[in-house]
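Reviewing the structure listed below.
The values are calculated or read from the model by the stated rules, or taken from the named source; none is laboratory data. Being a predicted model, the structure only gives us computed values, none of them experimental. Glycine gets a Cβ as well: all are built from the backbone with ideal geometry, and neighbour counts include every protein chain shown. Areas reflect the complete protein model, heavy atoms only, side chains present, ligands, DNA and RNA absent. Shrake-Rupley method; radii C 1.70, N 1.55, O 1.52, S 1.80 Å.
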Amino acid sequence: MAAYGALVSLMHIIDRIENHPSPPISINKQQVESLIENVTFLQDFLDGYISPVVDDHEADPLERRIADAVYAAEDVIESQIVVQIDNRSTIVGKMIRFINLFRALCKCATIEEDFYHDLQQVIEEMNLIKKEAMEIAAEAQLQRKVSPTHASSSTSSSIVKESMMVGFDEVLLEVLDNLTGGELSRQIIPIMGMGGIGKTTLARNIFEHALVKEHFDICAWTTISQTYNVRETLKEVLFRASGDSRDLSENELGENLHKYLAGRRYMIIMDDMWSIEVWDKMRFFFPDYNNGSRIIVTTRMSNLNLQLSESYGVGMKFLDESSSWDLFCKTVFGGECFPHELENIGKKIVANCKGLPLSIATIGGLLAKSERTREYWGRIEQNLNSIVITNNDEFCLKILRMSYIHLPNYLKPCFLYMGVFREDHTFRVSTVAKVWVSEGFLKPMSGKSLETIAQECFEELAAEISL
(Lines give C-alpha, C1' and ligand atoms only; values in the text may rest on other atoms or scores of the structure.)
Protein backbone atom coordinates (compact mmCIF):
# COMPACT_ATOMS: atom_id res chain seq x y z
CA MET A 1 0.00 0.00 0.00
CA ALA A 2 2.96 2.35 0.66
CA ALA A 3 3.80 2.33 -3.04
CA TYR A 4 0.25 3.12 -4.15
CA GLY A 5 -0.17 5.86 -1.55
CA ALA A 6 3.17 7.39 -2.56
CA LEU A 7 2.07 7.48 -6.22
CA VAL A 8 -1.20 9.21 -5.31
CA SER A 9 0.73 11.73 -3.21
CA LEU A 10 3.24 12.49 -5.99
CA MET A 11 0.44 12.97 -8.53
CA HIS A 12 -1.22 15.48 -6.19
CA ILE A 13 2.07 17.39 -5.82
CA ILE A 14 2.56 17.58 -9.59
CA ASP A 15 -1.07 18.61 -10.12
CA ARG A 16 -0.84 21.40 -7.53
CA ILE A 17 2.36 22.77 -9.07
CA GLU A 18 1.01 22.62 -12.62
CA ASN A 19 -2.29 24.29 -11.74
CA HIS A 20 -0.98 26.84 -9.25
CA PRO A 21 -1.39 30.47 -10.42
CA SER A 22 2.12 31.28 -9.12
CA PRO A 23 3.97 27.96 -8.84
CA PRO A 24 6.96 27.98 -6.45
CA ILE A 25 9.08 26.11 -9.01
CA SER A 26 9.15 25.37 -12.70
CA ILE A 27 9.57 21.76 -13.82
CA ASN A 28 10.78 20.92 -17.31
CA LYS A 29 7.72 20.14 -19.48
CA GLN A 30 9.19 16.87 -20.78
CA GLN A 31 10.01 15.76 -17.24
CA VAL A 32 6.47 16.53 -16.09
CA GLU A 33 5.07 14.44 -18.93
CA SER A 34 7.42 11.55 -18.08
CA LEU A 35 6.46 11.68 -14.40
CA ILE A 36 2.74 11.74 -15.13
CA GLU A 37 3.08 8.88 -17.62
CA ASN A 38 5.08 6.74 -15.17
CA VAL A 39 2.87 7.49 -12.18
CA THR A 40 -0.33 6.79 -14.14
CA PHE A 41 1.01 3.50 -15.52
CA LEU A 42 2.28 2.30 -12.12
CA GLN A 43 -1.02 3.16 -10.45
CA ASP A 44 -2.92 1.15 -13.06
CA PHE A 45 -0.40 -1.67 -12.70
CA LEU A 46 -0.74 -1.81 -8.90
CA ASP A 47 -4.54 -1.79 -9.20
CA GLY A 48 -4.38 -5.32 -10.58
CA TYR A 49 -1.06 -6.47 -9.12
CA ILE A 50 -1.03 -9.47 -6.77
CA SER A 51 2.19 -9.53 -4.79
CA PRO A 52 4.05 -12.86 -4.92
CA VAL A 53 4.93 -12.31 -1.25
CA VAL A 54 2.33 -13.79 1.07
CA ASP A 55 4.13 -13.28 4.38
CA ASP A 56 2.63 -10.18 6.03
CA HIS A 57 6.02 -9.21 7.51
CA GLU A 58 7.85 -9.16 4.17
CA ALA A 59 7.56 -6.28 1.71
CA ASP A 60 7.35 -7.01 -2.00
CA PRO A 61 10.67 -5.92 -3.64
CA LEU A 62 8.94 -4.35 -6.65
CA GLU A 63 6.53 -2.32 -4.51
CA ARG A 64 9.46 -1.23 -2.34
CA ARG A 65 11.36 -0.03 -5.43
CA ILE A 66 8.31 1.91 -6.62
CA ALA A 67 7.88 3.56 -3.22
CA ASP A 68 11.59 4.44 -2.97
CA ALA A 69 11.62 6.01 -6.44
CA VAL A 70 8.49 8.05 -5.73
CA TYR A 71 9.83 9.22 -2.37
CA ALA A 72 13.04 10.26 -4.13
CA ALA A 73 11.05 12.27 -6.69
CA GLU A 74 9.11 13.98 -3.90
CA ASP A 75 12.34 14.79 -2.04
CA VAL A 76 13.90 16.36 -5.14
CA ILE A 77 10.81 18.46 -5.91
CA GLU A 78 10.18 19.55 -2.31
CA SER A 79 13.86 20.40 -1.78
CA GLN A 80 13.77 22.63 -4.83
CA ILE A 81 10.62 24.31 -3.53
CA VAL A 82 12.39 25.05 -0.24
CA VAL A 83 15.39 26.49 -2.13
CA GLN A 84 13.16 28.74 -4.22
CA ILE A 85 11.25 29.99 -1.17
CA ASP A 86 14.53 30.75 0.59
CA ASN A 87 15.76 32.40 -2.58
CA ARG A 88 13.00 35.00 -2.25
CA SER A 89 14.25 36.18 1.15
CA THR A 90 16.70 39.08 1.02
CA ILE A 91 19.90 37.77 2.58
CA VAL A 92 19.56 34.12 1.60
CA GLY A 93 18.48 35.12 -1.91
CA LYS A 94 21.59 37.21 -2.42
CA MET A 95 23.77 34.33 -1.23
CA ILE A 96 22.11 31.84 -3.60
CA ARG A 97 22.30 34.25 -6.55
CA PHE A 98 26.00 34.75 -5.74
CA ILE A 99 26.51 30.96 -5.63
CA ASN A 100 24.76 30.55 -8.99
CA LEU A 101 26.87 33.35 -10.51
CA PHE A 102 30.04 31.77 -9.12
CA ARG A 103 29.06 28.39 -10.53
CA ALA A 104 28.34 29.91 -13.94
CA LEU A 105 31.77 31.59 -14.01
CA CYS A 106 33.41 28.32 -12.99
CA LYS A 107 31.28 26.50 -15.59
CA CYS A 108 29.62 24.48 -12.78
CA ALA A 109 26.00 23.45 -12.83
CA THR A 110 23.51 25.93 -11.35
CA ILE A 111 21.02 24.90 -8.69
CA GLU A 112 18.31 24.72 -11.39
CA GLU A 113 20.53 22.42 -13.46
CA ASP A 114 21.20 20.26 -10.40
CA PHE A 115 17.44 20.00 -9.91
CA TYR A 116 16.94 18.95 -13.53
CA HIS A 117 19.65 16.25 -13.34
CA ASP A 118 18.49 14.91 -9.94
CA LEU A 119 14.91 14.66 -11.16
CA GLN A 120 16.06 13.03 -14.40
CA GLN A 121 17.87 10.31 -12.45
CA VAL A 122 14.67 9.51 -10.59
CA ILE A 123 12.69 9.44 -13.85
CA GLU A 124 15.20 7.00 -15.37
CA GLU A 125 14.81 4.73 -12.34
CA MET A 126 11.02 4.90 -12.74
CA ASN A 127 11.41 4.04 -16.43
CA LEU A 128 13.30 0.87 -15.46
CA ILE A 129 10.62 -0.04 -12.92
CA LYS A 130 7.92 0.60 -15.53
CA LYS A 131 9.68 -1.74 -17.96
CA GLU A 132 9.82 -4.49 -15.33
CA ALA A 133 6.17 -3.92 -14.43
CA MET A 134 5.16 -4.18 -18.11
CA GLU A 135 6.87 -7.59 -18.31
CA ILE A 136 5.05 -8.78 -15.17
CA ALA A 137 1.72 -7.50 -16.51
CA ALA A 138 2.26 -9.27 -19.84
CA GLU A 139 3.11 -12.52 -18.06
CA ALA A 140 0.04 -12.22 -15.82
CA GLN A 141 -2.18 -11.62 -18.84
CA LEU A 142 -0.81 -14.73 -20.48
CA GLN A 143 -1.39 -16.69 -17.28
CA ARG A 144 -5.02 -15.55 -17.12
CA LYS A 145 -5.57 -16.89 -20.64
CA VAL A 146 -4.44 -20.39 -19.71
CA SER A 147 -5.86 -20.48 -16.16
CA PRO A 148 -9.50 -21.26 -15.29
CA THR A 149 -11.80 -18.28 -15.03
CA HIS A 150 -12.02 -16.90 -11.50
CA ALA A 151 -15.30 -16.15 -9.80
CA SER A 152 -16.18 -12.47 -9.62
CA SER A 153 -16.31 -10.73 -6.25
CA SER A 154 -20.09 -10.49 -6.30
CA THR A 155 -20.47 -14.15 -7.27
CA SER A 156 -17.99 -15.28 -4.64
CA SER A 157 -19.73 -13.13 -2.07
CA SER A 158 -23.10 -14.72 -2.71
CA ILE A 159 -21.57 -18.19 -2.60
CA VAL A 160 -20.01 -17.50 0.78
CA LYS A 161 -23.25 -16.14 2.19
CA GLU A 162 -25.10 -19.25 1.05
CA SER A 163 -22.49 -21.69 2.37
CA MET A 164 -21.52 -20.12 5.72
CA MET A 165 -24.12 -22.24 7.54
CA VAL A 166 -22.42 -25.47 6.46
CA GLY A 167 -22.28 -27.78 9.48
CA PHE A 168 -24.80 -25.77 11.51
CA ASP A 169 -28.10 -26.92 10.00
CA GLU A 170 -29.02 -28.99 13.06
CA VAL A 171 -28.23 -26.10 15.40
CA LEU A 172 -30.43 -23.78 13.32
CA LEU A 173 -33.39 -26.18 13.49
CA GLU A 174 -32.89 -26.62 17.24
CA VAL A 175 -32.97 -22.88 17.88
CA LEU A 176 -36.00 -22.41 15.62
CA ASP A 177 -37.82 -25.07 17.63
CA ASN A 178 -37.06 -23.25 20.89
CA LEU A 179 -38.10 -19.94 19.39
CA THR A 180 -41.50 -21.04 18.17
CA GLY A 181 -42.39 -23.66 20.80
CA GLY A 182 -41.88 -24.49 24.45
CA GLU A 183 -42.34 -21.95 27.24
CA LEU A 184 -44.78 -19.09 26.79
CA SER A 185 -42.84 -16.88 29.20
CA ARG A 186 -40.26 -14.56 27.73
CA GLN A 187 -37.06 -16.57 27.17
CA ILE A 188 -33.47 -15.47 26.64
CA ILE A 189 -31.43 -17.71 24.33
CA PRO A 190 -27.65 -17.21 24.55
CA ILE A 191 -25.52 -18.24 21.56
CA MET A 192 -21.95 -18.66 22.83
CA GLY A 193 -18.59 -19.26 21.17
CA MET A 194 -15.25 -17.72 20.29
CA GLY A 195 -14.83 -14.99 17.71
CA GLY A 196 -15.21 -16.21 14.14
CA ILE A 197 -17.02 -19.42 15.01
CA GLY A 198 -20.31 -18.35 13.42
CA LYS A 199 -22.49 -16.87 16.20
CA THR A 200 -23.57 -13.81 14.23
CA THR A 201 -24.00 -15.86 11.05
CA LEU A 202 -26.35 -18.23 12.89
CA ALA A 203 -28.25 -15.31 14.41
CA ARG A 204 -28.56 -13.62 11.02
CA ASN A 205 -29.95 -16.80 9.45
CA ILE A 206 -32.47 -17.06 12.29
CA PHE A 207 -33.44 -13.40 11.92
CA GLU A 208 -34.05 -13.76 8.18
CA HIS A 209 -35.86 -17.13 8.39
CA ALA A 210 -39.39 -17.12 6.98
CA LEU A 211 -40.74 -19.10 9.98
CA VAL A 212 -39.47 -16.43 12.39
CA LYS A 213 -40.95 -13.55 10.39
CA GLU A 214 -44.29 -15.36 10.31
CA HIS A 215 -44.32 -16.34 14.00
CA PHE A 216 -43.32 -13.03 15.62
CA ASP A 217 -45.14 -9.71 15.41
CA ILE A 218 -41.91 -7.74 15.80
CA CYS A 219 -38.30 -8.64 14.93
CA ALA A 220 -35.44 -6.26 15.70
CA TRP A 221 -31.64 -6.46 15.64
CA THR A 222 -29.08 -4.47 17.63
CA THR A 223 -25.33 -4.79 18.16
CA ILE A 224 -23.98 -4.24 21.69
CA SER A 225 -20.14 -4.54 21.49
CA GLN A 226 -17.60 -3.93 24.26
CA THR A 227 -18.12 -0.17 24.44
CA TYR A 228 -21.89 -0.32 24.71
CA ASN A 229 -24.25 2.63 25.03
CA VAL A 230 -27.61 1.77 26.60
CA ARG A 231 -29.35 4.85 25.22
CA GLU A 232 -28.17 4.21 21.66
CA THR A 233 -29.11 0.53 21.94
CA LEU A 234 -32.63 1.34 23.11
CA LYS A 235 -32.96 3.98 20.40
CA GLU A 236 -31.95 1.47 17.72
CA VAL A 237 -34.31 -1.26 18.97
CA LEU A 238 -37.22 1.20 19.15
CA PHE A 239 -36.48 2.46 15.65
CA ARG A 240 -36.16 -1.08 14.21
CA ALA A 241 -39.37 -2.15 15.94
CA SER A 242 -41.60 0.86 15.43
CA GLY A 243 -39.84 3.36 13.15
CA ASP A 244 -39.72 5.93 15.99
CA SER A 245 -36.42 7.82 15.60
CA ARG A 246 -36.98 10.69 18.06
CA ASP A 247 -33.99 11.85 20.07
CA LEU A 248 -35.21 11.08 23.62
CA SER A 249 -33.57 10.38 26.97
CA GLU A 250 -32.64 6.85 28.01
CA ASN A 251 -35.69 6.45 30.29
CA GLU A 252 -38.07 7.92 27.69
CA LEU A 253 -36.75 5.54 25.05
CA GLY A 254 -37.11 2.59 27.43
CA GLU A 255 -40.65 3.52 28.39
CA ASN A 256 -41.70 4.02 24.76
CA LEU A 257 -40.15 0.68 23.82
CA HIS A 258 -41.95 -1.06 26.70
CA LYS A 259 -45.30 0.44 25.63
CA TYR A 260 -44.77 -0.53 21.98
CA LEU A 261 -43.80 -4.12 22.77
CA ALA A 262 -46.65 -4.59 25.27
CA GLY A 263 -48.99 -7.35 24.16
CA ARG A 264 -46.96 -8.13 21.04
CA ARG A 265 -44.93 -11.28 20.48
CA TYR A 266 -41.42 -10.06 19.73
CA MET A 267 -37.97 -11.42 18.99
CA ILE A 268 -34.98 -9.18 19.67
CA ILE A 269 -31.43 -10.17 18.71
CA MET A 270 -28.63 -8.55 20.74
CA ASP A 271 -25.42 -9.31 18.91
CA ASP A 272 -21.97 -9.35 20.55
CA MET A 273 -22.72 -8.81 24.25
CA TRP A 274 -19.65 -8.67 26.51
CA SER A 275 -21.10 -7.89 29.91
CA ILE A 276 -24.22 -8.74 31.94
CA GLU A 277 -24.35 -5.12 33.03
CA VAL A 278 -25.84 -3.91 29.76
CA TRP A 279 -28.68 -6.44 30.04
CA ASP A 280 -29.31 -5.54 33.69
CA LYS A 281 -29.78 -1.91 32.61
CA MET A 282 -32.29 -2.78 29.87
CA ARG A 283 -34.13 -5.89 31.00
CA PHE A 284 -37.12 -4.04 32.51
CA PHE A 285 -37.89 -2.39 29.18
CA PHE A 286 -38.70 -5.76 27.56
CA PRO A 287 -42.11 -6.86 28.90
CA ASP A 288 -43.18 -10.45 29.53
CA TYR A 289 -46.82 -11.10 28.61
CA ASN A 290 -46.48 -14.90 28.43
CA ASN A 291 -46.98 -14.84 24.68
CA GLY A 292 -43.76 -16.58 23.62
CA SER A 293 -41.49 -13.55 23.16
CA ARG A 294 -37.79 -14.31 22.77
CA ILE A 295 -34.46 -12.49 23.09
CA ILE A 296 -31.36 -13.97 21.43
CA VAL A 297 -27.95 -12.86 22.73
CA THR A 298 -24.70 -13.72 20.97
CA THR A 299 -21.60 -13.59 23.16
CA ARG A 300 -18.08 -14.95 23.36
CA MET A 301 -18.21 -14.76 27.19
CA SER A 302 -19.09 -18.27 28.40
CA ASN A 303 -19.79 -17.04 31.94
CA LEU A 304 -22.83 -15.11 30.66
CA ASN A 305 -24.73 -18.32 29.90
CA LEU A 306 -26.14 -18.96 33.39
CA GLN A 307 -26.47 -15.25 34.06
CA LEU A 308 -28.72 -14.82 31.05
CA SER A 309 -30.62 -18.10 31.03
CA GLU A 310 -31.06 -21.10 33.31
CA SER A 311 -32.97 -23.16 30.75
CA TYR A 312 -31.40 -23.16 27.29
CA GLY A 313 -28.31 -21.97 25.48
CA VAL A 314 -26.39 -22.76 22.30
CA GLY A 315 -22.67 -23.50 22.42
CA MET A 316 -21.11 -23.10 18.97
CA LYS A 317 -18.52 -25.76 18.17
CA PHE A 318 -15.69 -26.01 15.66
CA LEU A 319 -16.50 -27.61 12.32
CA ASP A 320 -15.45 -31.21 11.86
CA GLU A 321 -13.18 -32.28 9.00
CA SER A 322 -16.02 -33.09 6.62
CA SER A 323 -17.95 -29.86 7.23
CA SER A 324 -14.74 -27.79 7.01
CA TRP A 325 -13.94 -29.26 3.62
CA ASP A 326 -17.51 -28.79 2.41
CA LEU A 327 -17.46 -25.09 3.40
CA PHE A 328 -14.06 -24.57 1.76
CA CYS A 329 -15.15 -26.19 -1.52
CA LYS A 330 -18.35 -24.14 -1.73
CA THR A 331 -16.53 -20.92 -0.88
CA VAL A 332 -13.75 -21.37 -3.44
CA PHE A 333 -15.51 -23.10 -6.32
CA GLY A 334 -19.25 -22.76 -5.68
CA GLY A 335 -20.94 -25.44 -7.77
CA GLU A 336 -17.82 -26.24 -9.83
CA CYS A 337 -15.81 -29.42 -9.45
CA PHE A 338 -12.70 -29.18 -7.27
CA PRO A 339 -9.56 -29.52 -9.47
CA HIS A 340 -7.82 -32.79 -8.65
CA GLU A 341 -4.33 -31.23 -8.73
CA LEU A 342 -5.29 -28.79 -5.95
CA GLU A 343 -7.12 -31.24 -3.69
CA ASN A 344 -4.21 -32.36 -1.47
CA ILE A 345 -2.89 -28.88 -0.85
CA GLY A 346 -6.47 -27.64 -0.36
CA LYS A 347 -6.95 -30.15 2.45
CA LYS A 348 -3.74 -28.95 4.10
CA ILE A 349 -5.02 -25.38 3.95
CA VAL A 350 -8.33 -26.43 5.50
CA ALA A 351 -6.54 -28.34 8.27
CA ASN A 352 -4.58 -25.21 9.14
CA CYS A 353 -7.85 -23.29 9.57
CA LYS A 354 -8.56 -25.48 12.61
CA GLY A 355 -12.30 -25.86 12.00
CA LEU A 356 -12.97 -22.13 12.40
CA PRO A 357 -15.67 -21.02 9.89
CA LEU A 358 -14.41 -17.43 9.63
CA SER A 359 -10.89 -18.59 8.77
CA ILE A 360 -12.12 -21.10 6.20
CA ALA A 361 -14.46 -18.56 4.57
CA THR A 362 -11.80 -15.83 4.56
CA ILE A 363 -9.07 -17.99 3.03
CA GLY A 364 -11.60 -19.53 0.66
CA GLY A 365 -12.76 -16.07 -0.45
CA LEU A 366 -9.13 -15.08 -1.06
CA LEU A 367 -8.43 -18.18 -3.15
CA ALA A 368 -11.70 -17.79 -5.07
CA LYS A 369 -10.39 -14.63 -6.73
CA SER A 370 -6.70 -15.54 -6.94
CA GLU A 371 -4.48 -17.74 -9.09
CA ARG A 372 -5.57 -21.36 -9.19
CA THR A 373 -2.10 -22.80 -9.29
CA ARG A 374 -0.22 -25.16 -6.98
CA GLU A 375 2.52 -22.57 -6.54
CA TYR A 376 0.19 -19.85 -5.29
CA TRP A 377 -1.84 -22.18 -3.07
CA GLY A 378 1.46 -23.55 -1.74
CA ARG A 379 2.50 -20.08 -0.59
CA ILE A 380 -0.84 -19.64 1.17
CA GLU A 381 -0.47 -23.03 2.88
CA GLN A 382 3.11 -22.28 3.99
CA ASN A 383 2.06 -18.93 5.40
CA LEU A 384 -0.84 -20.49 7.32
CA ASN A 385 1.44 -23.22 8.61
CA SER A 386 3.91 -20.62 9.89
CA ILE A 387 1.39 -18.73 12.04
CA VAL A 388 2.29 -19.14 15.68
CA ILE A 389 -0.66 -18.28 17.91
CA THR A 390 -1.23 -17.76 21.61
CA ASN A 391 -5.02 -17.64 21.37
CA ASN A 392 -7.82 -18.10 18.85
CA ASP A 393 -8.52 -14.36 18.52
CA GLU A 394 -4.92 -13.77 17.41
CA PHE A 395 -5.29 -16.54 14.84
CA CYS A 396 -8.42 -14.86 13.43
CA LEU A 397 -6.64 -11.52 13.19
CA LYS A 398 -3.71 -13.04 11.31
CA ILE A 399 -6.08 -14.74 8.86
CA LEU A 400 -7.97 -11.49 8.31
CA ARG A 401 -4.65 -9.65 7.85
CA MET A 402 -3.83 -11.99 4.97
CA SER A 403 -7.13 -11.04 3.38
CA TYR A 404 -6.36 -7.34 3.84
CA ILE A 405 -2.95 -7.73 2.17
CA HIS A 406 -4.71 -9.01 -0.95
CA LEU A 407 -7.19 -6.13 -1.18
CA PRO A 408 -6.70 -4.06 -4.35
CA ASN A 409 -4.21 -1.29 -3.55
CA TYR A 410 -6.66 1.51 -4.29
CA LEU A 411 -9.08 0.12 -1.64
CA LYS A 412 -6.53 -0.20 1.18
CA PRO A 413 -6.40 3.47 2.23
CA CYS A 414 -10.19 3.59 2.05
CA PHE A 415 -10.44 0.53 4.28
CA LEU A 416 -7.88 1.77 6.80
CA TYR A 417 -9.68 5.10 7.09
CA MET A 418 -12.76 3.28 8.44
CA GLY A 419 -10.79 2.83 11.66
CA VAL A 420 -11.72 6.40 12.67
CA PHE A 421 -15.30 5.20 13.31
CA ARG A 422 -16.35 3.42 16.49
CA GLU A 423 -16.97 -0.32 16.34
CA ASP A 424 -20.46 -1.04 14.95
CA HIS A 425 -20.93 2.70 14.35
CA THR A 426 -23.69 3.67 11.92
CA PHE A 427 -22.71 6.24 9.31
CA ARG A 428 -23.86 7.59 5.97
CA VAL A 429 -22.06 6.35 2.86
CA SER A 430 -22.23 9.88 1.45
CA THR A 431 -20.26 11.17 4.45
CA VAL A 432 -17.52 8.58 3.99
CA ALA A 433 -17.37 9.35 0.26
CA LYS A 434 -16.85 13.06 0.90
CA VAL A 435 -14.04 12.34 3.37
CA TRP A 436 -12.30 9.96 0.95
CA VAL A 437 -12.46 12.65 -1.73
CA SER A 438 -11.08 15.36 0.56
CA GLU A 439 -8.27 13.07 1.77
CA GLY A 440 -7.14 12.51 -1.83
CA PHE A 441 -7.48 8.70 -1.68
CA LEU A 442 -9.22 8.39 -5.04
CA LYS A 443 -7.74 8.38 -8.51
CA PRO A 444 -9.67 10.58 -10.98
CA MET A 445 -11.29 8.85 -13.96
CA SER A 446 -12.55 10.53 -17.10
CA GLY A 447 -16.31 10.84 -17.26
CA LYS A 448 -16.84 10.22 -13.52
CA SER A 449 -16.98 12.56 -10.57
CA LEU A 450 -14.86 11.74 -7.52
CA GLU A 451 -18.09 11.26 -5.54
CA THR A 452 -19.23 8.58 -8.01
CA ILE A 453 -15.83 6.88 -7.83
CA ALA A 454 -16.04 6.97 -4.02
CA GLN A 455 -19.48 5.32 -4.11
CA GLU A 456 -18.18 2.58 -6.41
CA CYS A 457 -15.14 2.02 -4.17
CA PHE A 458 -17.41 1.70 -1.13
CA GLU A 459 -19.59 -0.89 -2.86
CA GLU A 460 -16.53 -2.83 -3.99
CA LEU A 461 -15.00 -2.68 -0.51
CA ALA A 462 -18.27 -3.95 1.00
CA ALA A 463 -18.27 -6.86 -1.47
CA GLU A 464 -14.62 -7.69 -0.67
CA ILE A 465 -15.22 -7.62 3.09
CA SER A 466 -18.33 -9.80 2.81
CA LEU A 467 -16.07 -12.54 1.45
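General observations
- The GluC sites (Glu not before Pro) found in segment 410-467 that occupy coil by DSSP, while having at most 15 further C-beta atoms within 10 Å, are GLU423.
- Prolate/oblate/rounded call for segment 300-438, Cα gyration tensor, a/c under 1.5 rounded: oblate
- Backbone amide hydrogens, once placed in the peptide plane, bring VAL297 within less than 5 Å of ILE189, ILE191, MET270, excluding anything fewer than 5 places away on its chain.
- Cα-based equivalent ellipsoid of segment 175-264: semi-axis lengths in Å, sorted from largest, via gyration tensor: 24, 19, 12
- Rounded if a/c under 1.5, otherwise prolate or oblate - segment 193-238, Cα gyration tensor axes: oblate
- For ARG240, solvent-accessible area (1.4 Å; no DNA, RNA or ligand), Å²: 130
- Shape call, segment 245-307: gyration tensor on alpha carbons, a/c limit 1.5: oblate
- Of the GluC sites (Glu not before Pro) found in segment 204-283, those in coil by DSSP whose Cβ has at most 13 other Cβ atoms within 10 Å are GLU208.
- Globularity index of segment 314-374, i.e. its alpha-carbon radius of gyration over 2.2 N^0.38 Å: 1.08
- Panel note: the C-alpha atoms of segment 216-334, placed on their principal axes, show extents of 50, 32, 32 Å (largest first).
- Shown here for segment 395-448: chymotrypsin sites (Phe, Trp or Tyr not before Pro) in loop regions (DSSP other than H, G, I, E, B) with at most 13 other Cβ atoms within 10 Å, namely PHE421, PHE427.
- Accessible-area value, ILE191, 1.4 Å probe, nucleic acids and ligands omitted, Å²: 0
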